[in-house]
Amino acid sequence: MLNSQFDLLPPYPFKRLAALLNDPAPEGIEPLILSIGEPQNQPPAAVQNAIATHCHLWNKYPPNLGTQEFRKTITQWLIKRFHLPETLLDSERHVAPCPGTREALFLLGQICVPQQKNGQKPVVLLPDPFYHVYAASGIFAGAELVYLPATSETGYLPDLSSVSPEILARTALFFMCSPSNPQGAIASLETLTQGLALARHYDFTIAFDECYSEIYTSSPPPGGLQAALSLSVESPSAADPLSHMVVLQSLSKRSSAAGLRSGFMAGDPEIIALYGRLIGQGGTPTPLPILAAATALWKDEEHVEANRARYRYNFILAEERFGRLGFQRPGGGFFLWLNVGDGEAMAKTLWQRFAIRVMPGAYMCGGATLTGTENPGQAFIRVALVLEEDAMAQALDRLLEALKDVGLVGA
Ligand SMILES: Cc1ncc(COP(=O)(O)O)c(C=O)c1O
């Protein structure tokens, strides 16, 4: 007998995609993959250099919460990026490396969800559409998932004010992604602060997934730590200023280093300590040479600015082609979230006739199957603008041609 929680997982989006697009791409056209948020450029050479310099450390078991140098570097980065006072963060208590944020997001369910909350089954709140790991995190922790539709009506962000006090009383964990994947919407500091205030009032954890925070069009998105700062200024209390919250950051998007598997979690010291214990009991600490490479990447902003410039350029290419479709450049991230009427049908057409692979929006949503309501991603496709200039322009030309073909854009 095996764990039946697997049966509760929403279908894995990439498995569904593989089943939908299981025929080969049309002959004679180079396939272009825009279905996955994987940057196609290389991270800076600092990665190889740091790994080579620290290769004598491969024989060492890494500490569960990383090195002091890594934690200090992250602390300094956070202070500078989010204009925080030095006193808000203690690198020894508030920061932990993680082997990519996917695992940490998953483990948060194990750390933050009790068996019962106020005598009832605990709830995990998540946006819909959502990054699939949020659902897995809640399900394997034994929680009920409550999806918050993130549609044009809600500014493409989950609306906590729509959640009833009964559900909030049962809530153990809320995943808040800004800039959001897939829509690229940026939550205001006010929204983040209100979310954290509610988390404290109802005694749940808010996980601010900020993986896309360094990919933005004009101004840097605010972050969860700034929300914590606002609350600590408004109403200082004896509790830790980062209580009930963590932020998660990754090198996968910021530094195009998805294969390095490196990110960090910062926030509530109790959660960080429990995370360290969980890693020690059954997780993966980040290897020391990888931590050294990650440290080098967090100390350098030049390559991040170059990455932002690439994505800005890709969005300009998209705007030139799809502006007429009502497409507006999102505030952050690197996805196009395009309303094409029927996302699944369009994904099939794009693959079969134009050799472009995109993700149907419906595959990133889960709430509708539980509630019988309309799937908020049904009409959409998610297009990852992660290719290099020429390939990107070619892919977007093909996409435009396809949209013209089905009459979504005038010829
Ligand atoms: C919203 C979001 N959060 C977290 C992750 C996990 O990224 P990683 O594990 O590479 O840090 C992803 C990856 O695509 C993502 O889209």
**OP:** Within segment 57-108, work out how many residues are of a type in the set (F, W, Y), touching a Pro at 6+ places or on another chain (Cβ under 7 Å) and within 16 Å of the ligand (Cβ to nearest atom).
**Re:** 1
Original post:
Do any helices (runs of 4 or more DSSP H) lying entirely in segment 171-286 carry at least 1 residues that are without any contact (Cβ under 8 Å) to a residue 24 or more places away in the chain and either touching a Cys at 6+ places or on another chain (Cβ under 6 Å) or not assigned by TED's automatic domain parsing to the domain that holds Y313 (or both), and which ones are they?
Top reply: 189-202, 224-234, 269-282
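If you go through segment 304-346 one residue at a time, how many are among the aliphatic types (A, V, I, L, M) and either in contact (Cβ under 8 Å) with a residue 40 or more places away in the chain or outside any helix (DSSP H, G or I) (or both)? Outline the logic, then answer.
Taking segment 304-346 as the starting set, the residues that turn out to be among the aliphatic types (A, V, I, L, M) are 304, 306, 309, 316-318, 325, 336, 338, 340, 345-346.
From the residues that got through so far, the ones that are either in contact (Cβ under 8 Å) with a residue 40 or more places away in the chain or outside any helix (DSSP H, G or I) (or both) too are 304, 317-318, 325, 336, 338, 340, 346.
Residues that pass the stated criteria total 8.
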**OP:** Starting from residues that are hydroxyl-bearing (S, T, Y) and part of a loop (DSSP other than H, G, I, E, B), keep the ones in segment 10-53 and report whichever is modelled with the highest pLDDT.
**Re:** S35
Subject >> In segment 129-162, the residues that are more than 19 Å from A362 (Cβ to Cβ) and in contact with a Phe, Trp or Tyr (Cβ under 9 Å, 6 or more places away or on another chain) >> reply: S137, G138, I139, F140, L160
Subject >> Flag for D209 being over 21 Å from T295 (Cβ atoms), near the ligand (Cβ under 9 Å from one of its atoms) and either at pLDDT 95 or above or more than 16 Å from the chain's Cα centre (by Cα) (or both) >> reply: yes
**OP:** State which residue pairs qualify: first residue free of Cβ contacts under 8 Å to residues at least 12 places away in the same chain and inside segment 151-163, second residue buried (at least 16 other Cβ atoms within 10 Å of the Cβ) in any location, beta carbons under 7 Å apart, and separation of 6 or more residues or different chains.
**Re:** D159/L148
**OP:** Kindly check whether there is at least one residue in segment 162-170 that is modelled with pLDDT under 95 and either more than 13 Å from the ligand (Cβ to nearest atom) or assigned to a strand (DSSP E or B) (or both).
**Re:** yes
Subject >> The listed residue being surrounded by fewer than 24 Cβ atoms within 10 Å (Cβ to Cβ) and either among the polar types (S, T, N, Q) or closer than 13 Å to V124 by Cβ (or both), out of L189, L168, L173, L198 >> reply: L168
Original post:
Of all residues in segment 256-279 being among the aliphatic types (A, V, I, L, M) and away from the ligand (no atom under 16 Å from the Cβ), which is surrounded by the fewest Cβ atoms within 10 Å (Cβ to Cβ)?
Top reply: A273
Original post:
Here are some conditions: (1) charged (D, E, K, R); (2) within 14 Å of the ligand (Cβ to nearest atom); (3) more than 20 Å from A187 (Cα to Cα). D128 meets all but one. Which one does it not meet?
Top reply: (3)
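The values are calculated or read from the model by the stated rules, or taken from the named source; none is laboratory data. Just so it is clear, the model here is predicted, and its values are computed rather than measured. Because the Cβ atoms are built from the backbone with ideal geometry, glycine has one as well, and the counts that use them run over all protein chains shown.
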